[in-house]
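Enquirer: One structure coming up, written as structure tokens, with questions to follow.
The values are calculated or read from the model by the stated rules, or taken from the named source; none is laboratory data. As the structure is a computational prediction, the values presented were derived from the model and not from experiment. As a convention, Cβ positions derive from the backbone with ideal geometry for all residues, glycine included, and neighbour counts pool all protein chains shown.
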Amino acid sequence: MLKNFWYACEFSQALTNRSKQIVLWQQTIVLYRDSTGQVVALKDRCPHRGAALSLGKVEGDCLRCPYHGWKFQSDGTCNEIPANPPGVAIHPQAGVQSYPVEEKYGFIWLFWGDLPPDECPPIPSLPEFPDSSYRAVTVELEFQAHYSRLLENLFDPVHATFVHVNTFGGGDSNKQQFLTQGKLILRDWGASSIAIIQQAPLKAIYWQDIGKKKNSKVKLDSSFYLPNLVYQKIDFKSGLLFCIALVPIDDRTTKVKLMCFRNFLTHSWFDRWFRKLNLQILQEDKPVVESQRPYAVPNDINAELHVAGDALAIAYRQLLQKCLKME
Ligand code: FES
Ligand SMILES: [Fe+2]
């Protein structure tokens with residue numbers, strides 16, 4: 001488990017002033033927006049009798065427990081116990097843990113760790129993040145897989161020919177697949193690489209709509225950012241970008257939260273179609289990724305074999321080991 005990092009954990013748009021439970025590393029956390037729209041994150045467990053605070057009600061900036069009505073401020077301090085007679089002081093341990101939380105790039109980021117966040121790796125800066133001229137759809141899907149396997153899957157440039165035959169995966173899986181791998185760019189907490197891959201838009205009129213001929217080559221600019229984000233730009237005539245959070249529920253369960261941005265076919269009418277396509281692509285990955293053993297990527301870099309297309313995965317594994325050793 002990578003500690004002392006900001007995890008992208010929920011879509012911004014999914015959060016209102018109603019409480020919502022998320023799970024990160026087996027810990028239930030309640031999120032809500034206060035009266036100013038600011039996001040609040042508290043441990044989703046009432047210190048009184050252990051009820052889930054996420055079942056409670058947001059009142060202004062506070063959250064009231066659904067069981068006996070204890071009220072908690074956004075910093076987790078309990079400021080009201082309805083059953084207490086007037087004048088009775090609230091026990092100092094009546095509070096609940098709060099988490100540092102930020103909003104950026106359409107995601108809610110939660111700091112998971114025990115160090116001050118400003119001494120730790122920041123929320124990544126994403127280059128050329130799409131502006132409002134892009135239209136976004138969001139898709140999520142739960143996998144019975146470790147998030148490290150999913151992270152690698154999402155920037156893996158080679159599997160499309162085999163796994164995504166019915167969506168965007170082109171070429172002929174019986175033939176030699178040539179892959180041009182660009183230079184690897186290493187960052188403090190991530191890495192990027194460009195791959196030129198073959199895409200065959202045989203079934204998806206989508207690719208033809210944006211001016212690509214079948215069996216054309218496509219530039220795929222993929223990045224990962226620790227602990228759990230993949231960012232991908234696809235060089236079509238128009239822009240297509242993906243920003244994907246792999247939210248670790250536990251060691252064997254991951255929620256994929258994907259944002260797909262496009263600056264073509266931007267009418268809302270096409271949203272449904274883009275959602276369906278992205279979900280179908282994730283569902284194509286599901287059986288293969290869920291079959292991988294060991295669940296997490298191995299600690300020993302030599303435990304699995306690597307070829308040219310695995311450059312980014314090698315960078316990921318090396319950086320991951322470095323960070324795990326620092327803990
Ligand atoms: S369990 Fe929350 S107030 Fe009693
Ligand atoms: Fe895939």
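Enquirer: On the given criteria, is Asp61 modelled with pLDDT of 95 or more and loosely packed, with under 14 Cβ neighbours inside 10 Å?
Expert: On the way: modelled with pLDDT of 95 or more: yes; loosely packed, with under 14 Cβ neighbours inside 10 Å: no.
So Asp61 fails the test.
Enquirer: Related question: Quick check on my filter: what residues within segment 129-140 are under 18 Å from the mean Cα position of the chain (by Cα) and part of a loop (DSSP other than H, G, I, E, B)?
Expert: Passing the criteria: Phe129, Pro130.
Enquirer: Could you name every one of the strands (runs of 3 or more DSSP E) located completely within segment 149-255 that has at least 3 residues being among the small types (Gly, Ala, Ser), at pLDDT 75 or above and surrounded by 21 or more Cβ atoms within 10 Å (Cβ to Cβ)?
Expert: Strands (runs of 3 or more DSSP E) meeting the threshold: 190-199.
Enquirer: Right, here's the next one. Tell me the strands (runs of 3 or more DSSP E) entirely within segment 25-96 that contain at least 1 residues that are farther than 27 Å from Ser12 by Cβ.
Expert: Correct list: 78-80.
Enquirer: Please verify whether Glu102 is touching a residue at least 24 places away in the same chain (Cβ under 8 Å) and closer than 30 Å to Pro47 by Cβ, treating the condition exactly as stated.
Expert: Values: touching a residue at least 24 places away in the same chain (Cβ under 8 Å): yes; closer than 30 Å to Pro47 by Cβ: yes.
For Glu102, the condition - touching a residue at least 24 places away in the same chain (Cβ under 8 Å) and closer than 30 Å to Pro47 by Cβ - is met.
Enquirer: Filter segment 276-318 for residues that are at pLDDT 95 or above, among the charged types (D, E, K, R) and within 15 Å of ligand 2 (Cβ to nearest atom) and give the result.
Expert: Residues satisfying the conditions are Glu284, Asp285, Lys286, Glu290.
Enquirer: If a residue must be aromatic (Phe, Trp, Tyr) and either surrounded by fewer than 22 Cβ atoms within 10 Å (Cβ to Cβ) or in contact with a Cys (Cβ under 6 Å, 6 or more places away or on another chain) (or both), how many such residues does segment 6-49 contain?
Expert: Filtering segment 6-49 for residues aromatic (Phe, Trp, Tyr) gives 6-7, 11, 25, 32.
From what is left, the residues that are either surrounded by fewer than 22 Cβ atoms within 10 Å (Cβ to Cβ) or in contact with a Cys (Cβ under 6 Å, 6 or more places away or on another chain) (or both) are 11, 25.
Summing the residues that are aromatic (Phe, Trp, Tyr) and either surrounded by fewer than 22 Cβ atoms within 10 Å (Cβ to Cβ) or in contact with a Cys (Cβ under 6 Å, 6 or more places away or on another chain) (or both) in segment 6-49 gives 2.
Enquirer: Same structure, new question: Test each condition in (1) farther than 28 Å from Ala308 by Cα; (2) surrounded by 16 or more Cβ atoms within 10 Å (Cβ to Cβ) for Ser132 and report the one that comes out false.
Expert: Status for Ser132: all satisfied but (2).
Enquirer: I need the full set of residues from segment 25-59 which are within 16 Å of ligand 1 (Cβ to nearest atom), under 15 Å from Tyr99 (Cα atoms) and basic (Lys, Arg), in order please.
Expert: Selection gives Lys43, Arg45.
Enquirer: Only one of Leu126, Leu110 is part of a loop (DSSP other than H, G, I, E, B), under 16 Å from the mean Cα position of the chain (by Cα), hydrophobic (A, V, I, L, M, F, W, C) and away from ligand 2 (no atom under 16 Å from the Cβ); which?
Expert: Leu126
Enquirer: Which pairs do you get when a residue that is on the phi < 0 side of the Ramachandran plot and assigned by TED's automatic domain parsing to the domain that holds Ser192, found in segment 150-163, comes within reach of a residue that is assigned to a helix (DSSP H, G or I) and more than 10 Å from ligand 2 (Cβ to nearest atom), reach meaning Cβ atoms under 6 angstrom, with the pair 6+ apart or on two chains?
Expert: Glu152/Ala313; Phe155/Leu312; Pro157/Gly309; Val158/Gly309
Enquirer: Those residues that are assigned to a helix (DSSP H, G or I) and more than 17 Å from Phe155 (Cα to Cα), I need them from segment 288-327; list them, please.
Expert: Ser291, Ile301, Asn302, Ala303, Gln321, Lys322, Cys323, Leu324, Lys325, Met326
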